[in-house]
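The values are calculated or read from the model by the stated rules, or taken from the named source; none is laboratory data. It should be emphasised that the depicted structure is a prediction, and the values quoted were computed from it without experimental measurement. In this analysis, Cβ positions are derived from the backbone assuming ideal geometry, glycine residues included, and neighbour counts consider all displayed protein chains. Note: accessible area is taken over every heavy atom of the protein model, side chains too, but ligands, DNA and RNA are not part of it. Shrake-Rupley method; radii C 1.70, N 1.55, O 1.52, S 1.80 Å.
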Amino acid sequence: MALTPSTMLPLGTLAPDFTLPDTVSGELINLHQAKGDKGTLVFFICNHCPYVVHLQHALALLGRDYLDSGIEMIAISANDVKTHPQDGPEQMREFAAQNHFNFPYLYDESQAVARAYDAACTPDFFLFDGDLKCVYRGQFDDSRPGNGKPVTGTDLRTAMDCVLADQPVPEDQVPSIGCNIKWKA
């Protein structure tokens, strides 16, 4: 496990468009069709990363808490399944079901979307406003596996609440940290 920080996509960057298969519904999901009226949270995760496993229940709770808020959530896995078969589409579908995710969990087989977002780690969070401009890219909170701090989602929730209140998101943002995305050779 290589500990990797987020690369912190520049604030104001337009969300790169994509169309990817949803491992939960089996449908193709396009960013512009799935985006929220108020905002869109695009985040890169995978099934096996201990940093994602540490947050898995909190991610499901976040999905429930912000359901019908105007912010849509879209999870994406881009890991190379040849080297990490536990992150394949079938396993993604099972992971989403076990965690009661109410948001799509997309598979980026080519890794082109992860590269377009300059994603570096799992988890890696990117919050966009209603115009799909990046307003937050950073950590879920300061809890990490083994550090004893509770998982609250406070950093990301604060940013999402600012978007919903039409308030500016504080620009002092802490990079997410986790396992590196498992890039193809």
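Per this entry, residue 80 is not counted among residues that are in contact (Cβ under 8 Å) with a residue 12 or more places away in the chain, over 19 Å from residue 18 (Cα atoms) and over 14 Å from the mean Cα position of the chain (by Cα). Of the residues 156, 132, the single one that is more than 20 Å from residue 61 (Cα to Cα) and open to solvent by less than 70 Å² (accessible area, probe 1.4 Å) is 132.
Name the single residue that is nearest to residue 84 (Cα to Cα) among those in the range 159-169 being without any contact (Cβ under 8 Å) to a residue 40 or more places away in the chain and crowded, with 18+ Cβ neighbours inside 10 Å.
Going through the qualifying residues, I end up with 159.
With respect to the stated conditions, residue 24 fails to be open to solvent by 10 Å² or more (accessible area, probe 1.4 Å), free of Cβ contacts under 8 Å to residues at least 40 places away in the same chain and touching a helix residue (DSSP H, G or I) at 6+ places or on another chain (Cβ under 8 Å). If the condition is being in contact with a Cys (Cβ under 7 Å, 6 or more places away or on another chain), of a type outside the set (Ser, Thr, Tyr) and farther than 11 Å from residue 159 by Cα, then the range 117-135 contributes only 121.
Here residue 100 fulfils each of the conditions (1) buried (at least 20 other Cβ atoms within 10 Å of the Cβ); (2) on the phi > 0 side of the Ramachandran plot apart from (1). Between 141, 118, 124, the distinction of being touching a residue at least 12 places away in the same chain (Cβ under 8 Å), open to solvent by 60 Å² or more (accessible area, probe 1.4 Å) and within 18 Å of residue 8 (Cα to Cα) belongs to 118 only. Restricting attention to the range 27-47, the residues that are in contact (Cβ under 8 Å) with a residue 40 or more places away in the chain, under 24 Å from residue 81 (Cβ atoms) and either open to solvent by 40 Å² or more (accessible area, probe 1.4 Å) or assigned to a helix (DSSP H, G or I) (or both) add up to 2.
Okay, residues lined up against (1) at pLDDT below 95; (2) over 15 Å from the mean Cα position of the chain (by Cα); (3) on the phi > 0 side of the Ramachandran plot; (4) not small (Gly, Ala, Ser):
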site	(1), (2), (3), (4)
128	no, no, no, yes
134	no, no, no, yes
157	no, no, no, yes
162	no, yes, no, yes
165	no, yes, no, no
169	no, yes, no, yes
173	no, yes, no, yes
181	no, no, no, yes
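Against the conditions (1) free of Cβ contacts under 8 Å to residues at least 60 places away in the same chain; (2) open to solvent by less than 50 Å² (accessible area, probe 1.4 Å), residue 172 satisfies every one except (2). Does the range 57-73 contain at least one residue that is over 16 Å from the mean Cα position of the chain (by Cα), not polar (S, T, N, Q) and not in a helix (DSSP H, G or I)? Among the residues of the range 57-73, at least one is over 16 Å from the mean Cα position of the chain (by Cα), not polar (S, T, N, Q) and not in a helix (DSSP H, G or I), which makes the answer yes. Can you tell me which residue is farthest from residue 4 (Cα to Cα) among those in the range 75-95 that are touching a Ser or Thr at 6+ places or on another chain (Cβ under 7 Å) and of a type outside the set (Lys, Arg)? By that ranking, first place goes to 89.
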